[in-house]
Amino acid sequence: MEFKHTSVLLEETIEGLQVKPDGIYVDGTLGGGGHSYLIASKLKENGRLIGIDQDEEAIAAAGKRLEPFQDKVTLIRDNYCNAKSAIQRLGIEKVDGIVLDLGVSSYQLDNAGRGFSYQYDAALDMRMDTRQSVSAREIVNHYPEMDLFHVIRDYGEEKFAKNIAKHIVAARKDKPIETTGELNEIIKAAIPAKMRAVGGHPSKRTFQAIRIECNRELEVLENSLDDFIDMLNPGGRLCIITFHSLEDRIVKSAFRKNENPCTCPPDFPVCVCGRVSKGQVISKKPILPSEEEVRENKRSKSAKLRIFERSETT
């Protein structure tokens, strides 16, 4: 299957980066290379792009797409949480811009064999990096009921999480849950019939939750943002596209904290904590896709772009 992915908020992201022809840029979620292609096209002889992705198939697809710029591009198969050490191994300490597109790629969703989607009956997997040992199958079949409940409630924001976890544990006593189709039927049985008719596919939130847990998505994001801001040259920008409220809250909070890190009580006349702002949030409100983009790509509907700029004086 060909690796296809439509980059969301493409023009808005590249505009937000303010690409300099001789700058160094990191695409931490390379995917099909859509954002990277546009960045690379703006780079001159001394410019450089480092593309990072943990998905082997994404690296291969992006490598082909970026062949016209191969003298300016370095591709690394890794999780973006390791970006700081990865670029240091290249002899680079600071960069001029970083992009993260946190959405699951269309290829991953549409390739039944990857086990991400509730639309296809396939082996439960959901690993973005197929080298890791824990897949969705292990989570569904081995997590204690209370842990499953917390994952589905917290990462899926699913109000029937308790009943879904209960049904999963009951079903796996008879036989292991092996496929997305089997999991779909279990979830369906756990949700009242009148509620299944509203709010989209009944498995949507649970599948999201298991995928997030499988790939440690929120943990990785939360632990990476300060590093990314520290990696920026003065005036450099960090552009992040999120696709659900859990991600967006983490990004919004981290940006706010780095813009105003002072922990002094509001009534203190001067700051005594010594914490200095690292920059400013460029997007006071998230940048949303246009109506035209949503019409052309329904998966862009929930996307939000936030931008942080590193201070010139730090």
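Quick notes on this one:
- Residue by residue, the range 133-150 carries 3J(HN,Hα) couplings of 7, 8, 10, 4, 4, 5, 5, 5, 8, 10, 5, x, 4, 5, 5, 4, 4, 5 Hz when phi is fed to the Karplus relation 6.51 cos²θ - 1.76 cosθ + 1.60 (θ = phi - 60°); x denotes Gly or Pro.
- Taking every alpha-carbon pair within the range 188-229, the share separated by more than 15 Å comes to 57 percent.
- Measuring spread by the Cα atoms of the chain yields a radius of gyration and Dmax of 20.8, 66 Å.
- Rh by Kirkwood over Cα pairs, then Stokes-Einstein D for the range 205-249 at 1.567 mPa s and 4 °C, µm²/s: 108
- Two numbers describe the Cα atoms of the range 71-111: Rg and Dmax, which are 13.0, 38 Å.
- Computed over the range 133-256, the Cα gyration tensor eigenvalues convert (square root of 5λ each) into semi-axes of 33, 16, 11 Å, ordered from largest to smallest.
- Residue by residue, the range 79-94 carries 3J(HN,Hα) couplings of 7, 5, 5, 9, 4, 4, 5, 5, 6, 5, 5, 8, x, 10, 9, 10 Hz when phi is fed to the Karplus relation 6.51 cos²θ - 1.76 cosθ + 1.60 (θ = phi - 60°); x denotes Gly or Pro.
- For the range 97-151, the Kirkwood radius over C-alpha pairs fed into Stokes-Einstein at 37 °C and 0.692 mPa s yields D = 257 µm² per second.
- Ranked by the mean number of other Cβ atoms within 10 Å per residue, highest first, peptides 26-37, 201-212, 288-299, 113-124 order as 26-37, 201-212, 113-124, 288-299.
- Karplus-derived HN-Hα couplings along the range 169-182 (A = 6.51, B = -1.76, C = 1.60, θ = phi - 60°), whole Hz, x at Gly and Pro: 5, 5, 5, 6, 5, 7, 6, x, 7, 9, 10, 5, x, 5
- Simple label model, 7 Å out from Cα along Cβ direction - Arg256 to Lys44, nm: 4.1
- Taking all pairs of distinct alpha-carbon atoms in the range 10-145, Kirkwood radius in angstrom: 16.0
- Relative contact order [Cα under 8 Å, 6+ residues apart], the range 175-314, whole percent: 25
- Cα centroid separation - the range 154-204 against the range 251-292, whole Å: 39
- A Förster radius of 45 Å, combined with the Cβ-Cβ distance separating Arg295 from Val270, puts the computed FRET efficiency at roughly 0.30.
- Stokes-Einstein, applied to the Kirkwood radius of the range 220-310 over Cα pairs at a viscosity of 1.567 mPa s and 4 °C, places its translational diffusion at 89 µm² s⁻¹.
- Base-10 log of normalised Debye intensity for the range 40-106 (one unit scatterer per alpha-carbon) at q = 0.15, 0.25 Å⁻¹: -0.50, -1.36
- Accessible area, probe 1.4 Å, largest first, for residues Cys271, Cys239: Cys271, Cys239
The values are calculated or read from the model by the stated rules, or taken from the named source; none is laboratory data. In this text, all values refer to a predicted model and were calculated from it rather than measured experimentally. Here the Cβ is made from the backbone with ideal geometry for all residues, glycine too, and neighbour counts use every protein chain on show. Surface areas here come from the heavy atoms of the whole protein model, side chains and all, with no ligands, DNA or RNA. Shrake-Rupley method; radii C 1.70, N 1.55, O 1.52, S 1.80 Å.
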